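Inspection log for the structure reproduced underneath, given as structure tokens.
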Amino acid sequence: MTSTASFNEPIGFIGGGNMASAIIGGLIRQGLAPSQIRVVEPFESTRTALVAQHGVVAQAAAGEFLQDTALVVWAVKPQMFTEAAAPVQPFTSNAVHLSVMAGIRSSSIAAACGTERIVRCMPNTPALVGRGMTALFARGGLQEADRARAEQVIRTTGDALWVAQEEQLDAVTALSGSGPAYVFYFLEAMQQAGEQMGLNASQARQLAVGTFDGASALAGASSEPLSVLRERVTSKGGTTYAALTSMESSGMKDAFIRAMRAAQQRAVELGDEFGR
């Protein structure tokens, strides 16, 4: 993971919720001083918790304390963006703006913030434990140093990749942004089945979570197609074959693909709604 120890310029956060806190924690673990992190968070309880946990500078409203920030992370709810941007803009026109907001398109962020130095990204909740998977999109004209700075910040929460077209973030949202919920859904089913087959809840959960974790690690370490890895576990006429045959006869794969396409379509709709 890239160290941020050489990045000594202040970073601003507009919004101090879970994702902001995950990034802040990652930055501090990688060497950025808490005094270099400035947060705008209107809710007192959230603001107090951030200061207690991380020791950052946090204020209820935007002000001159944002003036020297080199990068601003937008982590407010999409419906709050327009209202939040107006008081921030006068102090951050020289900063790179990194958005973790769903649905707000880069053109809207550029218009509201008065700059073209925009990076939009789609993280996911495993960032809370340093295992996030984030895709980033850079608005045209962004300098390589700006891209590197944004990626450096995001990589404190896990892995990252760039997409060339902003529309691809809708597919990213459906795949990795919403993806943890799909995993939890499947884990729930595995735990329930384990309990029905005679295991207790703790045993079934540990076996299910450990299996997902190990299989994901194996897939990540292998360059072979996922289908090959699956086939290696599947002996014709065996237990795995029986399970997969049942899933195929139920149309599970097609249903899952349709579900992800529904998530993609909803991401497009949210972009139309909030990204104007």
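Values quoted throughout were computed directly from the atomic coordinates according to the rules given, and no laboratory measurement underlies them. None of the values given here were measured: they were computed from a predicted structure. Cβ atoms come from the backbone with ideal geometry, glycine included; neighbour counts cover every protein chain shown.
Determine, for Phe81, Phe186, the number of other Cβ atoms within 10 Å of each Cβ, and report the residues in order from fewest to most.
Phe186, Phe81
Assigning unit charges at the beta carbon (Lys, Arg +1; Asp, Glu -1) and nothing else, what dipole magnitude in debye, to the nearest 20, does region 11-172 show about its Cα centre?
Magnitude of the dipole: close to 240 debye.
Just want the answer: with Cβ charges of +1 for Lys and Arg and -1 for Asp and Glu, which residue in Ala58, Gly31, Gly114 is farthest toward the dipole's positive end in region 11-172?
Gly31
Over the chain, what is the relative contact order in percent, taking alpha-carbon pairs closer than 8 angstrom and at least six residues apart?
16
Roughly how many debye, to the nearest 20, is the charge dipole of the chain about its Cα centre, given +1 on each Lys and Arg Cβ, -1 on each Asp and Glu Cβ, and no other charges?
About 340 debye.
Quick check on packing: order 187-195, 120-128 by the mean number of other C-beta atoms within 10 Å, highest mean leading. All intermediate terms of the calculation are to be shown ahead of the outcome.
On the way: 187-195: 15.0, 120-128: 22.2.
Ranking the peptides 187-195, 120-128 by packing returns 120-128, 187-195.
What is the magnitude of the charge dipole of region 1-80 about its Cα centre, with +1 placed on the Cβ of each Lys and Arg, -1 on the Cβ of each Asp and Glu, and no other charges, expressed in debye to the nearest 20?
220
List Arg105, Arg139, Arg261 from most exposed to least, where exposure is judged by having the fewest other Cβ atoms within 10 Å. Kindly include the intermediate steps, with their values, before the conclusion.
Values: Arg105 22, Arg139 19, Arg261 12.
Neighbour counts put them in this order, fewest first: Arg261, Arg139, Arg105.
Going by average Cβ neighbours within 10 Å, how do the peptides 37-44, 49-56 rank, with the highest at the top?
Working: 37-44: 19.9, 49-56: 16.5.
With the highest mean Cβ count within 10 Å placed first, the list reads 37-44, 49-56.
Report, for the chain, the % of DSSP beta bridges that are antiparallel, rounded to 5.
Counting only bridges with both partners in the chain, antiparallel ones make up about 15 percent.
Give me the extension gain from Gln192 to Glu273: residue separation times 0.36 nm, minus the current Cα-Cα distance, reported in nm with one decimal.
Full extension of this stretch gives 25.4 nm more.
Just round it to a whole percent: the fraction of Cα-Cα distances in region 73-192 exceeding 21 Å.
Result for the distance tail: 39 percent.
Using the Cβ atoms and a cut-off under 15 Å, what net charge is assigned to the surroundings of Thr234, where Lys and Arg are +1 and Asp and Glu are -1?
On the way: positive: Arg230, Arg232, Lys236, Lys253; negative: Glu224, Glu231, Glu248.
Around Thr234, the charge tally is +1.
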